[in-house]
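**Q** Below are the C-alpha cells for one structure; questions will follow.
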Amino acid sequence: MVQKIYCDAPAALDGLLHDGMTIAAGGFGLCGIPETLIDAIEASGVTGITAMSNNAGVDDFGLGKLLRTRQIARMIASYVGENKEFERQYLAGELDVEFCPQGTLAERMRAGGAGIPGFYTRTGVGTLLAQGKEVREFNGEPYVLETGLVADLAIVKAWKADPYGNLVFRKSARNFNPMAATCGRVTVAEVEHLVEAGDLEPDQIHTPGVFVQRVILATRNEKRIERRTIREEAA
Amino acid sequence: MIGWTREAMAARAARELRDGHYVNLGIGIPTSVANYIDPAIDVTLQSENGILGLGAFPTEAEVDADVINAGKQTITELDRTSYVSSADSFGMIRGGHIHLSILGAMEVSQHGDLANWMVPGQMVKGPGGAMDLVAGVRRIIVLMDHVDKKGAPKFRARCTLPLTGANVVDMIITTHALFERPDRKSRFALKECAPGVTPADIRAMTEADYED
C-alpha cells in the first residue's frame, strides 16, 4: 500500500514548497481551515505565494499568519473583511488581490480539479468583476467566461481520514475543502482523526483518496469562533 | 416615530415568505427576518457556506465551532438540516433553486440594479456571495435606509457605485416605503408608505422614477 500518512506537517510538505507557488486552501472564515499546515508553511519561510482561498483569515490566525510574514504576494478570494494587516498591505499596493464571487471561486476550483478550463456563469455579468472577460449569450441571457483554477499545492482540513486518503468532513467545516482538494496538483490533508482501513463507510466518504496524496494528524485544532452568538436557555 | 424601524422592515419582509420556500437571508438586518416568520408556514433557510436548514443560535452548551452561518455566527441544526460543499451550495443558488433572497444595499437604481459591495476609494472587502445570490436566486428583496447618512436618496435613477448585479431587484423595503415590480421588464411602483409618510413625501425624497 502507498504510504499516505506522514508523521507531521513538515514531513508532509517536504519537497512541495517553492517560492512563487500557488496554494489553494479550504475553509470559510476560520471554520474548517488547515491550521496545522498553515503553521508549517509559515515556519518553512516560502514566499511569493499566490493563495486561493475564500477568505484571508484574521490578523493572527489562518492565512492572516502568512500575510503578516509577507509570504503571500497575491490572493484570489471572495471576501477579506476581517483582516487589518491585509487591508494595510492591499492599500499600500504590497499585495495583489483578485476578487472573485464566492460561488464562482468554488466553481473555479471544482472545474480546475475536474479538468474543465473554463465555464460560463451569470454571476458578475455587468459588474467590474466581468471586465475584460468574454461574455456570451445563451438563450438570450448574457453569461461571463470564468476559468478553472489549478494549484501547485492544496491544503485542506477534514474530520477523518483513513490510510487511503479517503476524507470525511464535519458539518459546515466542509465548505471549500472538497473543491480545494481536487484542484491541487498535490493535496495534503490534515485531519482530526486517523481511522483504520475499512472504518469509513464507503457511501459516506466526501472526498475519495484519489484526490489526496498526503495526510497528517492535525496537531492544531483551535477552531477559533469569529462570532459567538448565544441564545438564552429557555426557563 | 415617522417611518419603519429596522424591526418593522424585517417583519414586513417576512410577510413575503411563502409556505415551502427555500430562502437565503443576507448579513445584518436581513438575518433578523428569521425572527418574524409566520409559524403557520414552513420555510427552510439556506446559508451559502453550505447549510440548508438553519436553526436558532445555540445555548452556551450547544456551541459547535463547526456549525456556523455565512455571517460566521454560531448556529444550530434542525431535524431537516443538510450540509453541502460550497460548490453544491452555490449550485442551489446559481441553479435557481432558492426562491427568495433578502439583502442589504447601498444603492438600487430604478432599473433594479443593485450596488452593495464596494465604495471606490475605500477599502474593498470583496463581494462574498452577493453577486451569486442576485444572479441566481429567483426573487430579490432589498432592505435599506431610504436616504444615506448625508440625506441623499438611495433609490436612484442610476447607481453611482459599482454594481453587484444589473436588473436584479424585485422589491425594495426602505425605512419609509415599499416599492415593487411584477417582473424585471416593468417599472417599480410605490406600494406602501410607512406610518406618518405620504406619497408626496416619498416623491420628494426619492431620485428614482417609479409609478405611483
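**Q** Please give the charge dipole size of segment B:79-212, origin at the Cα centre, charges +1 on K and R Cβ atoms and -1 on D and E Cβ atoms. Round to the nearest 20 debye. Could you put the intermediate results ahead of the total?
**A** On the way: 16 positive and 16 negative charges, 45 e Å.
In total the dipole reaches around 220 debye.
**Q** Could you provide, to the nearest whole Å², the per residue accessible area of the protein assembly as shown with probe 1.4 Å?
**A** Result: 42 Å² of accessible area for each residue.
**Q** So what's the back-of-envelope 222 nm ellipticity for chain B, counting only DSSP H runs of four-plus at -39500 (n - 2.57) apiece and dividing by all residues, rounded to 500?
**A** Working: 4 runs with 31 residues, N = 212.
Per the formula, -4000 deg cm²/dmol.
**Q** Mind listing, in residue-number order, the residues in segment A:150-184 that have at least 20 Å² less accessible area with every protein chain present than in their own chain alone (1.4 Å probe)?
**A** By number: A:ARG170, A:LYS171, A:SER172, A:ARG174, A:ASN175, A:MET179.
**Q** If you don't mind, another one. List the residues of segment A:8-32 whose accessible area drops by at least 50 Å² when all protein chains are present, compared with their chain alone, using a 1.4 Å probe and counting only protein heavy atoms.
**A** Going by heavy-atom accessible area, the residues of segment A:8-32 that drop by at least 50 Å² are A:PHE28.
**Q** Report the accessible area of B:ASP79, computed with a 1.4 Å probe over the heavy atoms of all protein chains in place, in Å² rounded to the nearest 10.
**A** Roll a 1.4 Å probe over it and B:ASP79 shows about 150 Å².
**Q** Report Rg/Rh for segment A:1-109, rounded to two decimals, where Rg is the Cα radius of gyration and Rh the Kirkwood radius. Walk me through the numbers before you get to the answer.
**A** Working: Rg = 13.9 Å, Rh = 14.2 Å.
Result for segment A:1-109 is an Rg/Rh of 0.97.
**Q** For segment A:133-235, which whole-number percentage of the solvent-accessible area (1.4 Å probe, protein heavy atoms only) is attributable to carbon and sulfur atoms? Present the calculation step by step, with values, prior to reporting the outcome.
**A** Details: 2410 of 5110 Å².
Answer for segment A:133-235 is 47 percent, counting heavy atoms of protein chains only.
**Q** Which three semi-axes in whole Å describe the equivalent ellipsoid of chain B, each the square root of 5 times a Cα gyration tensor eigenvalue, listed largest first?
**A** Gyration-tensor ellipsoid for chain B: 29, 19, 16 Å.
**Q** Can you classify chain A as rounded, prolate or oblate using the Cα gyration tensor, where a ≥ b ≥ c are the square roots of its eigenvalues, rounded means a/c under 1.5, and otherwise it's prolate if a/b beats b/c and oblate if not?
**A** Rounded, because the longest to shortest axis ratio a/c is under 1.5.
**Q** Show the residues, 5+ positions off or on another chain, whose built amide H is closer than 5 Å to the amide H of A:MET52.
**A** Result for A:MET52 returns A:ILE23, A:ALA24, A:ALA25, A:ILE76.
**Q** Before we go on, tell me the buried accessible area for the B/A pair, both chains summed, 1.4 Å probe, in Å² to the nearest 100.
**A** Values: alone 10690 and 11920 Å², together 18560 Å².
Counting both chains, the buried surface is close to 4000 Å².
**Q** What do the square roots of 5 times the Cα gyration tensor eigenvalues come to for segment A:64-141, in whole Å, largest first, as semi-axes of the equivalent ellipsoid?
**A** The three semi-axes for segment A:64-141 are 29, 15, 10 Å.
**Q** Rg to Rh ratio, segment B:68-163, alpha-carbon atoms and Kirkwood radius? Intermediate results must be reported in sequence, preceding the final value.
**A** Values: Rg = 15.5 Å, Rh = 15.2 Å.
Answer for segment B:68-163: 1.02.
**Q** Probe radius 1.4 Å, ligands and nucleic acids ignored: give me the carbon and sulfur share of the accessible area of segment B:1-141 as a rounded percent.
**A** So the carbon and sulfur contribution to the accessible surface is 51 percent.
**Q** Can you give the percent of C-alpha pairs in the protein assembly as shown whose distance is more than 39 Å?
**A** The answer is 22 percent, as a whole percent.
**Q** Still on this model: Do the alpha carbons of any pairs in A:LYS84/B:LYS72; B:LYS149/B:LYS191; A:LYS4/B:LYS72; B:LYS150/B:LYS191 sit beyond 28 Å of each other, and which pairs?
**A** Too far apart for the 28 Å limit: A:LYS4/B:LYS72.
**Q** Got a sec? Which residues of segment A:200-225 lose 10 Å² or more of accessible surface with every protein chain in place, vs. that chain alone, 1.4 Å probe?
**A** Residues losing area: A:LYS223, A:ILE225.
**Q** Related question: For segment B:1-56, what is one quarter of the convex hull surface built on the Cα atoms, given in nm²?
**A** Approximately 4.2 nm², given one-decimal rounding.
The values are calculated or read from the model by the stated rules, or taken from the named source; none is laboratory data. Computed from a predicted model, the values in this text were never measured in an experiment. Note: ideal-geometry Cβ built from the backbone for every residue, glycine included; neighbour counts use all protein chains shown. Accessible surface is based on the protein model in full, side chains and every heavy atom, while ligands, DNA and RNA are left aside. Shrake-Rupley method; radii C 1.70, N 1.55, O 1.52, S 1.80 Å.
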